[in-house]
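The values are calculated or read from the model by the stated rules, or taken from the named source; none is laboratory data. A quick note: this is a predicted structure, and the numbers were derived from the prediction, not measured. Cβ placement follows ideal geometry from the backbone for every residue including glycine, while neighbour counts extend to all protein chains displayed.
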Amino acid sequence: MVKRFPAAVFLALSFGAFLAATASHWDTVPARDHARTNPLAGKPETAVAGALLYREHCQQCHAADAQGDGQKKPSLRTASVRGATDGDLEWFLRQGDLKHGMPSWSNLPQAQRWQIIAYLRSLP
Amino acid sequence: MLLLASHRLRLAAFLLLLFVSLPFRGTAQDKPYFVTYSHDLEEPGNLEVETKSAIARPEHGHHFGALATELEYGARAWWTTELYLDGQTTGGQSTLFTGFRWENRFRPLMHEYAVNPVLYVEFENISAADKNVLEVVGHDVESDLDVPNAVARAEHQHEGELKLILSSNVHDWNISENFISEKNLGHAPWEFGYAVAVAHPLRAASSGRECTLCAEKFIAGLEAYGGLGDTWDLSLRQTSHYLAPVVGWQLPAHMRLSFSPSLGMTRSSMDQFYRVGFAYEFSDIDNKLLGHKRKGKVW
């Protein structure tokens, strides 16, 4: 019994590490936020306004074409971003990722965060 | 004399060239508060230069204008460091450099919550002639500002200051509360103060067009601040309290202007004084000037 205990702990830790490694970043988004839809979606002017906001706030790090710089500045035209729900993206904009240099954009009005997301969705 | 003028001209030309060659970016939705801090930090790698002026005429003193020049740098997304250079000019007296402040703000929690704490640590080396009123603590009163410059400048204050900043963004409102404790590093008591503020943009959604005088470029609010006594006399007796409407305007070329009239609420306060702030932000300055690349994370 005593010998089995470390093995059980090791297995549990390994399983946890495996789950963490395979989990999507968006898995941490609360269900309520994940399910949200963009209330401004579908209006052409929303993406136009989002483009302006993107230029003001996001372009500095993510580049004018949202491709990043291929090295340190992350692209927003990845499968992960495309696969995220609007709610995931709004949650992430609000939270930021301070550890990795992404500021929280909770200081932007919520409507402007939705406009940015509409613009990102409009990218080819 | 001519040589000196030529040097100054070249220096001015160099500074102008440096100024126009650096990329400007927006500081939209920065809070127009003059005393209260929200949990907004400077974006990493950016440098914001802001001047904050205070103009007043104390009841028994000369009119004055004080200017604080603030250099705010985003060291990390969770850490902002700032240097203030303070000065003032008092009518009929003199113009003085009154000292400097070095402050740091840290976000200890990496996520956004209903209430977001920020820890603030400051060291200041200023003379008693400082009139910027960037915070009110202890038993700061109007008569402190009546002391002639020639006398006040001789008194130097080395002070440490701690603030607990709590701030929330709720339905496009920002609500911020600051609890201030300040200690003169000499034999003096801890002094306490507070600052609270709310602000809301005049229009939440962007219109999608470049404009200057449109509602989305304005943010308005109200702040209140004052002293709460000190460890020798923890009371509101002889303390100053102010109520100040604030308005911020995002200008073209990504500059920002803010304005606030402050109204004294107690007999120890100045009746009124006015503040004007002007800011612009240099983006990605460490990359442009020092060649540092910041690490991002690919999602």
When the range A:99-124 is checked residue by residue, the ones that are free of Cβ contacts under 8 Å to residues at least 40 places away in the same chain, under 20 Å from A:LYS43 (Cα atoms) and not in a helix (DSSP H, G or I) are A:PRO109, A:PRO124
Got a sec? Which of B:ASP146, B:ASP140 is more than 26 Å from B:PRO32 (Cβ to Cβ), acidic (Asp, Glu) and at pLDDT below 95? B:ASP146
Selection count, the range B:38-79, where residues are closer than 24 Å to B:PRO148 by Cα, part of a strand (DSSP E or B) and of a type outside the set (Ser, Thr, Tyr): 9
Can you tell me which of (1) facing chain B (nearest Cβ under 9 Å); (2) aliphatic (A, V, I, L, M); (3) in contact (Cβ under 8 Å) with a residue 24 or more places away in the chain is the one A:LEU93 doesn't meet? (1)
Is it true that B:PRO252 is more than 20 Å from B:LEU162 (Cα to Cα) and buried (at least 18 other Cβ atoms within 10 Å of the Cβ)? no
The listed residue being closer than 25 Å to B:LEU47 by Cβ, more than 8 Å from chain B (Cβ to nearest Cβ) and assigned to a loop (DSSP other than H, G, I, E, B), out of A:ASP65, A:ASP69: A:ASP69
Kindly indicate whether any position in the range B:194-212 is within 11 Å of chain A (Cβ to nearest Cβ), of a type in the set (Ser, Thr, Tyr) and surrounded by 18 or more Cβ atoms within 10 Å (Cβ to Cβ). yes
Criterion: out of contact with any Leu (no Cβ under 9 Å at 6 or more places or on another chain) and part of a strand (DSSP E or B) - qualifying residue of B:HIS187, B:HIS158, B:HIS200: B:HIS200
Quick one: which of B:VAL137, B:VAL121 is surrounded by 19 or more Cβ atoms within 10 Å (Cβ to Cβ) and hydrophobic (A, V, I, L, M, F, W, C)? B:VAL137
With the structure loaded, tell me whether A:GLN60 is part of a loop (DSSP other than H, G, I, E, B) and either buried (at least 22 other Cβ atoms within 10 Å of the Cβ) or free of Cβ contacts under 8 Å to residues at least 12 places away in the same chain (or both) or whether it fails that test. no
Among the residues of the range A:77-90 satisfying the criterion of being surrounded by fewer than 21 Cβ atoms within 10 Å (Cβ to Cβ) and assigned to a loop (DSSP other than H, G, I, E, B), which is nearest to the other protein chains (Cβ to nearest Cβ)? A:THR78
Condition first: of a type in the set (Val, Ile, Thr) and either in contact with a Lys or Arg (Cβ under 8 Å, 6 or more places away or on another chain) or within 24 Å of B:LEU162 (Cα to Cα) (or both). Now tell me which residues in the range B:183-234 satisfy that. B:VAL196, B:VAL198, B:ILE219, B:THR231
I'd like to verify a number: residues in the range B:41-63 that are acidic (Asp, Glu) and surrounded by fewer than 20 Cβ atoms within 10 Å (Cβ to Cβ), how many? 1
